[in-house]
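Contents: one structure, followed by commentary.
The values are calculated or read from the model by the stated rules, or taken from the named source; none is laboratory data. As the structure is a computational prediction, the values presented were derived from the model and not from experiment. Cβ placement follows ideal geometry from the backbone for every residue including glycine, while neighbour counts extend to all protein chains displayed. Protein only, heavy atoms only, side chains kept; ligands, DNA and RNA dropped before computing areas. Shrake-Rupley method; radii C 1.70, N 1.55, O 1.52, S 1.80 Å.
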Amino acid sequence: MTYVVKTAIGSFQRIGILRNTDVIDLVHSYALFLHEEKESARAHEKAKAILGENMLSFIQGGVFSLEAARTAHSFIESKAIDQLAHNEMGRIIFPLDEITLKAPLQPVSIRDTLNSEVHFKNSLKEVGLTELPAFFYERPYYYRTSHTAIAGTGDNVPWPSFGDKLDFELEFAAVIGKKGINIPAEKAHEYVMGYTIFNDISIRDYQRKDMSTSMGPSKSKNFTNGNILGPCITTSDELDPTNISLKARVNGETWSDARSSDMYYSFAKLIEFISKEETLYPGEVICSGTMAFGCGLELNRFLKPNDVIELEVEGIGILKNKIIS
């Protein structure tokens, strides 16, 4: 995960391991390992070079960064609390109430997919159609959305200056960890670094106008804090994405309750198609698409100012945001 900690000399953004009610700082913990176990005189410099300064550089470090992170984690877990309290590398563990979680990644790109039969059928009813087009079953469909205005858990979503019907979308996403092109589905798992939650805030009345041009969504899904990732990235070795629980709550009330098995195309199939004659790069994000009944549009219920949205995905956590006027 990515977090900000305040110190006597200012605020700093770091990467860490989310552990129950606290965070293990990755660079400091690996530096301590190098200092104590490898007797390295330049431990902090080496740790920073291997792990990177942010999540994107960490992901770009590939297996070397992941192996270092696992080593650091095991090393810290083997230590007693009093052994970590005072060391030459800096503070190692921070309680969650002393730090601020940020979007785990500023991605290279985001592709969102159309992937649930039920969601698609429900959405088509809103425009007077009852049957799914044949093309849905022929191949995956997706669009690119903004990757430059990413929000994280705890960030407020300002009500946009255009549109009246604001909506959430219950999704999760695969984070690409290795460069590849023409990736077969059976090898796609080798290219996934991990998974995170995605909330695609949408302005439905404005989206109807967007879609009437046959160009796909534009401003209806691209505005300040409209694309939300978090709270962390669960590494792919820790999560089987094929049949996990996803829930959406608004002000504590459950609006959506789904499972990832609702996806018509698996992440493996999505990666196979998207990588056809197109290179995927570490740090790109591919989203699951909205789950069945995974948005207010399907329920004829829309968000209001001061509403609090929680998306909870099994094995990842809770992504929480507030709509402000």
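Of everything in region 189-229 that's at pLDDT 90 or above and among the acidic types (Asp, Glu), which residue is least open to solvent (accessible area, probe 1.4 Å)?
By that ranking, first place goes to Asp200.
I'm trying to understand the selection: among the residues of region 5-40, which are in contact with a strand residue (DSSP E or B) (Cβ under 9 Å, 6 or more places away or on another chain), closer than 24 Å to Gly194 by Cβ, hydroxyl-bearing (Ser, Thr, Tyr) and not in a loop (DSSP other than H, G, I, E, B)?
Residue satisfying the conditions is Ser29 alone.
Which residue is farthest from Arg70 (Cα to Cα), if the candidates are limited to region 1-46 and must be hydroxyl-bearing (Ser, Thr, Tyr) and open to solvent by 70 Å² or more (accessible area, probe 1.4 Å)? Before you say what the answer is, go through the steps one by one.
So the first thing to find is which residues in region 1-46 are hydroxyl-bearing (Ser, Thr, Tyr), and the list is 2-3, 7, 11, 21, 29-30, 40.
Checking which are open to solvent by 70 Å² or more (accessible area, probe 1.4 Å) leaves us with 11, 21.
Values: Ser11: 26, Thr21: 19 Å.
Per the stated criteria, the residue is Ser11.
Looking at this structure, is Gly294 surrounded by fewer than 23 Cβ atoms within 10 Å (Cβ to Cβ) and under 27 Å from Tyr191 (Cβ atoms)?
no
Kindly establish whether Glu186 is touching a residue at least 24 places away in the same chain (Cβ under 8 Å), in a helix (DSSP H, G or I) and either of a type in the set (A, V, I, L, M) or surrounded by fewer than 17 Cβ atoms within 10 Å (Cβ to Cβ) (or both).
Details: touching a residue at least 24 places away in the same chain (Cβ under 8 Å): yes; in a helix (DSSP H, G or I): yes; either of a type in the set (A, V, I, L, M) or surrounded by fewer than 17 Cβ atoms within 10 Å (Cβ to Cβ) (or both): yes.
Taking the combined requirement at face value, the residue satisfies it.
Could you tell me which of the residues Thr100, Thr113 is of a type in the set (Val, Ile, Thr), modelled with pLDDT of 85 or more, over 28 Å from Asp25 (Cβ atoms) and under 17 Å from the mean Cα position of the chain (by Cα)?
Thr113
Which condition from (1) in contact with a Gly (Cβ under 8 Å, 6 or more places away or on another chain); (2) modelled with pLDDT of 95 or more is the one that Gly154 breaks?
Answer for Gly154: the failing condition is (1).
When you scan region 120-163, how many residues do you find that are within 22 Å of Ile286 (Cα to Cα), among the β-branched types (Val, Ile, Thr) and open to solvent by 50 Å² or more (accessible area, probe 1.4 Å)?
1
Specify which of the listed residues (Glu53, Glu67, Glu88) is open to solvent by 60 Å² or more (accessible area, probe 1.4 Å), within 28 Å of the chain's Cα centre (by Cα), of a type in the set (Asp, Glu) and at pLDDT below 95.
On the way: Glu67 fails: at pLDDT below 95; Glu88 fails: within 28 Å of the chain's Cα centre (by Cα).
Going through Glu53, Glu67, Glu88 in turn, the sole match is Glu53.
Could you list, in sequence order, all residues of region 75-86 that are in a helix (DSSP H, G or I), in contact with a helix residue (DSSP H, G or I) (Cβ under 9 Å, 6 or more places away or on another chain) and of a type outside the set (Val, Ile, Thr)?
As a first pass, look at region 75-86 and keep what is in a helix (DSSP H, G or I): 75-77, 81-85.
Imposing the further condition that a residue be in contact with a helix residue (DSSP H, G or I) (Cβ under 9 Å, 6 or more places away or on another chain) reduces the set to 75-76, 84.
Hits for region 75-86 are Phe75, Leu84.
Can you pull out every residue in region 1-56 that is in contact with a helix residue (DSSP H, G or I) (Cβ under 7 Å, 6 or more places away or on another chain), among the β-branched types (Val, Ile, Thr) and without any contact (Cβ under 8 Å) to a residue 40 or more places away in the chain?
Residues satisfying the conditions are Val27, Ile50.
Scanning for something touching a strand residue (DSSP E or B) at 6+ places or on another chain (Cβ under 6 Å) and under 30 Å from Gly315 (Cβ atoms), does region 41-53 turn up at least one residue?
no
Looking at (1) open to solvent by 20 Å² or more (accessible area, probe 1.4 Å); (2) modelled with pLDDT of 95 or more; (3) of a type in the set (S, T, N, Q); (4) closer than 30 Å to Gln60 by Cβ, which is the only condition Ser275 fails?
So Ser275 meets the others, but not (1).
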